[in-house]
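Take a look at the structure below.
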Amino acid sequence: MEKETKHLLQESRSWVQDQLKGSIAFWLKHGMDPVHGGVYTCLDRTGRIYSTDKSVWMQGRCAWTFAHLCAVYGPQEAWLAASKSCLDFMEAHCINRAAGNRMYFTVTGDGRPLRQRRYCFSEGFYAIANAEYYGVTGERACLERARAAYELIWGLNQGLIQDPTGLGPKTIPETRSGRALANPMIYLNITSVLRRVDPEREALYNQRSAQCVEEIFRYHYKPELGCTLESVGPDGAFRDQVSEGRVVNPGHDIECAWFLMEDANRKGDQAQYDTAVKIFDQAIQAGWDQEYGGLLYLMDCLGRPPEAYEHDMKLWWPHNETLIASMMIYRDTGREEYLEWFRKTLNYCKTYFADPEYGEWYGYLRRDGKPTMPPAKGSTFKGPFHLPRMLMLVDAMIGEILARA
């Protein structure tokens, strides 16, 4: 390894470790609810709460993050307590027992239900949280909860059961129905967590992973269009007649790419790995803003005007996924162009997302890199998850590279 490359990796790792410490300290200080339990995530730049409504996604994500910190760096009392607080809050307040244990999307600060959504991502984050906590503590009840949620999601995604909430599909199915990339890619990631802590069911997890990969490649990956589509017809058909059918989310594609690479590495599938790298290449080349830097949020695959007003914003999490994926490819292949993507993205994040004065990262930037006003460190969708997950993974990957240098 060249001296310059080693210095870059060492410097990057030091910064990443400092950011991880700062992020965790920020959320433990400002986000945890000592009265009702769980975590508040609607925080402004300084950490002040601007809404007490609680995101159920973030209760599960926060519980996973703090349990995973224990798995990676060793148990700490504050981390275990934060994870358990979110787990207990979900168990007491976030499950709709009258609707087949489907979970709410948002609840009030004291846990009264506010909103139910048809999507089953609340259940997904509940599953990984309970699984990770079981992996650290051995509490069998958490494993059983994770397994039950895992099966509920599978039944819903595969159409094996009717949604007990009765909400039905997003569009009138007689007029239009389709598939969403988020379902197989998120389930693939959920499966990787459960496989790691629950080897008793490895065969099941391997089977489910294989089906998720098959669905992504069969229906959503469109090499002829140079992209991976968020939404397609039931048979994977490209739907040019609706803007939804042309949507590309570069950050989502890049996240999907590293999920696929992680799975390919597990089973030694070079063809799957190479296709995942192509997904990364297409997404980063199409999504990187050549004028201002950073990754654009949403694009139309045919270059038409995107419907979403926020399409040209810069969000924290796509940049987190870019850092993970680029470092993963560099670690696995040694190809310098991916270290350059990592360097370029990290420099953008240092300049625009990181806040050395108050800690943590801004969640939402305008296209020119200035924070939306007034700036926020958290929201219904942003909390202690994407950023600390990236920081933990990048810390570990750089450590692997330096160890073999």
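The values are calculated or read from the model by the stated rules, or taken from the named source; none is laboratory data. Being a predicted model, the structure only gives us computed values, none of them experimental. Because the Cβ atoms are built from the backbone with ideal geometry, glycine has one as well, and the counts that use them run over all protein chains shown.
Looking across region 89-133, the residues that are within 20 Å of I161 (Cβ to Cβ), of a type in the set (S, T, N, Q) and under 21 Å from the mean Cα position of the chain (by Cα) come down to Q116, S122. Taking region 333-357 as the search range and keeping residues that are of a type in the set (S, T, Y) and surrounded by fewer than 16 Cβ atoms within 10 Å (Cβ to Cβ), which one is nearest to G294 (Cα to Cα)? This residue is T351. Looking only at region 44-101, residues that are surrounded by fewer than 19 Cβ atoms within 10 Å (Cβ to Cβ) and in a strand (DSSP E or B) come to 3 in all.
Matching residues to (1) charged (D, E, K, R); (2) surrounded by 21 or more Cβ atoms within 10 Å (Cβ to Cβ); (3) at pLDDT 95 or above:
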residue: H311; (1), (2), (3): no, no, yes
residue: L315; (1), (2), (3): no, yes, yes
residue: K370; (1), (2), (3): yes, no, yes
residue: M373; (1), (2), (3): no, no, yes
residue: F381; (1), (2), (3): no, no, yes
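The set of residues in region 378-393 being closer than 18 Å to C349 by Cα and either of a type in the set (F, W, Y) or touching a Ser or Thr at 6+ places or on another chain (Cβ under 8 Å) (or both) consists of G378, K382, G383, P384, F385, L387, P388, R389, L391. Take the residues of region 383-405 that are aliphatic (A, V, I, L, M) and farther than 29 Å from G124 by Cα: which is surrounded by the most Cβ atoms within 10 Å (Cβ to Cβ)? Among them, the one singled out is I401. Of the residues in region 379-390, none is more than 21 Å from the chain's Cα centre (by Cα), of a type outside the set (A, V, I, L, M) and not in a loop (DSSP other than H, G, I, E, B).
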